[in-house]
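The values are calculated or read from the model by the stated rules, or taken from the named source; none is laboratory data. Everything quoted here is computed from the prediction, not taken from an experiment. As a convention, Cβ positions derive from the backbone with ideal geometry for all residues, glycine included, and neighbour counts pool all protein chains shown.
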Amino acid sequence: MFITRRSSTSGRRRCSRAPAYAPAGLPVSRPAVSQHLKILKDAGLVQDVAAGTRRIYRLNPVALAALRDQLDTYWQRALAGYAEAAETPDEEEK
């Protein structure tokens with residue numbers, strides 16, 4: 001599911017579009033794209049506007065930057081903890 005969401009959002013960085021046009025390059029159905037967009041919208045990562053009978057979706061750059069900051073912090077802490085554990089001698093080495 002993550003790969004599908006990532007694929008559906010990678011194309012959205014460049015432009016806004018309706019879900020009906022999204023599946024052309026993706027191996028998923030239109031209903032699946034709509035479900036993924038709903039999850040991303042509920043998380044605040046995409047925004048939509050009405051355009052006639054369609055909804056046009058685009059990434060929310062502020063929310064995406066905040067998510068990126070959170071992930072960077074998470075991984076910096078995880079890697080620092082790993083480096084500390086790797087540098088600490090095991091009981092067998094003492």
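Observations on the model:
- S34 vs. criteria in a helix (DSSP H, G or I) and modelled with pLDDT under 60: no
- Just so you know, in segment 49-71 the residues that are over 11 Å from the mean Cα position of the chain (by Cα) and among the charged types (D, E, K, R) include one that is modelled with the highest pLDDT, and it is D69.
- Looking across segment 37-55, the residues that are outside any strand (DSSP E or B) and either in contact (Cβ under 8 Å) with a residue 40 or more places away in the chain or closer than 23 Å to R68 by Cα (or both) come down to L37, K38, I39, L40, K41, D42, A43, G44, L45.
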